[in-house]
Amino acid sequence: MRRPIKKRPIVSPDVMYSSVDVERLINYIMLRGQKETARKIVYGAFEIMKNAKDGGGDPLEVFNTAVRNAGPLMEVRSRRVGGANYQVPREVRPERRMALALRWIINGARKQKGVPMHKALAQELLLAAKEEGNAVKKKEDTHKMAEANRAFAHFAW
């Protein structure tokens with residue numbers, strides 16, 4: 001039996017850019033309920049992106065491009081068939097694509113040690129907008145896995 005559809009809370013737009021996606025980024029960055037700290041990190045990163053020499057400009061545009069470039073189109077899911085586990089390639093829903101892109105961008109920024117988070121986030125967003133960086137590499141690895149397991153696509157449910 002399929003599980004019921006989750007009732008997801010509706011995210012209200014952020015105060016500065018009136019964007020639901022930016023508020024979602026703030027929520028993903030937030031640790032231990034410290035939303036104001038998360039806001040300072042995101043808005044600081046957007047300020048750095050606005051003033052960046054290479055590929056700067058409108059931070060909201062750069063952010064949307066980065067999320068689009070880091071979001072996977074295909075992924076593999078495990079499926080048990082006759083005692084064997086197969087990695088079955090599946091298309092990624094838009095909500096999950098957004099969530100994965102944000103998660104990978106944030107993890108790429110957090111991996112940079114010795115750099116303030118707002119600078120690391122700005123750098124990762126700028127790299128993702130240029131189709132470089134850790135998040136885009138993760139997306140390409142996911143696509144390679146899906147391509148390698150294309151033979152098992154007929155097990156999709």
Q) Quick one: is Arg90 in contact with a Lys or Arg (Cβ under 6 Å, 6 or more places away or on another chain) and either small (Gly, Ala, Ser) or closer than 22 Å to His143 by Cβ (or both)? A) yes
Q. Within segment 44-53, is there a residue that is more than 15 Å from the chain's Cα centre (by Cα) and within 30 Å of Phe152 (Cβ to Cβ)?
A. no
Q. If you take the residues in segment 16-56 that are surrounded by fewer than 16 Cβ atoms within 10 Å (Cβ to Cβ), in a helix (DSSP H, G or I) and out of contact with any helix residue (DSSP H, G or I) (no Cβ under 8 Å at 6 or more places or on another chain), which one is modelled with the lowest pLDDT?
A. Asn51
Q | Residue in segment 16-41 that is farthest from Ala122 (Cα to Cα), counting only those that are free of Cβ contacts under 8 Å to residues at least 24 places away in the same chain and acidic (Asp, Glu) | A | Glu36
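Does Arg96 qualify as being in contact with a strand residue (DSSP E or B) (Cβ under 9 Å, 6 or more places away or on another chain), within 27 Å of Val11 (Cα to Cα) and among the charged types (D, E, K, R)? Before the answer, list the steps.
Details: in contact with a strand residue (DSSP E or B) (Cβ under 9 Å, 6 or more places away or on another chain): yes; within 27 Å of Val11 (Cα to Cα): yes; among the charged types (D, E, K, R): yes.
Considered against the rule, which asks whether it is in contact with a strand residue (DSSP E or B) (Cβ under 9 Å, 6 or more places away or on another chain), within 27 Å of Val11 (Cα to Cα) and among the charged types (D, E, K, R), Arg96 comes out as yes.
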**Q.** Verdict on Glu61 being out of contact with any Phe, Trp or Tyr (no Cβ under 7 Å at 6 or more places or on another chain) and either outside any helix (DSSP H, G or I) or in contact (Cβ under 8 Å) with a residue 12 or more places away in the chain (or both)
**A.** no
Q | segment 57-88: number of residues that are more than 19 Å from the chain's Cα centre (by Cα) and surrounded by 14 or more Cβ atoms within 10 Å (Cβ to Cβ) | A | 4
(Q) Of everything in segment 117-154, what is of a type in the set (Lys, Arg) and either under 30 Å from Pro59 (Cβ atoms) or surrounded by 15 or more Cβ atoms within 10 Å (Cβ to Cβ) (or both)? Give them in sequence order. (A) Lys119, Lys130, Lys137, Lys138, Lys139
Q: Would you check which residues across segment 97-145 are among the basic types (Lys, Arg) and assigned to a helix (DSSP H, G or I) and list them?
A: Arg97, Arg103, Arg110, Lys111, Lys119, Lys137, Lys138, Lys139, Lys144
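The values are calculated or read from the model by the stated rules, or taken from the named source; none is laboratory data. Everything numeric in this text was worked out from a predicted model, so none of it was measured. Here Cβ is always computed from backbone atoms with ideal geometry, including for glycine, and neighbour counts include all displayed protein chains.
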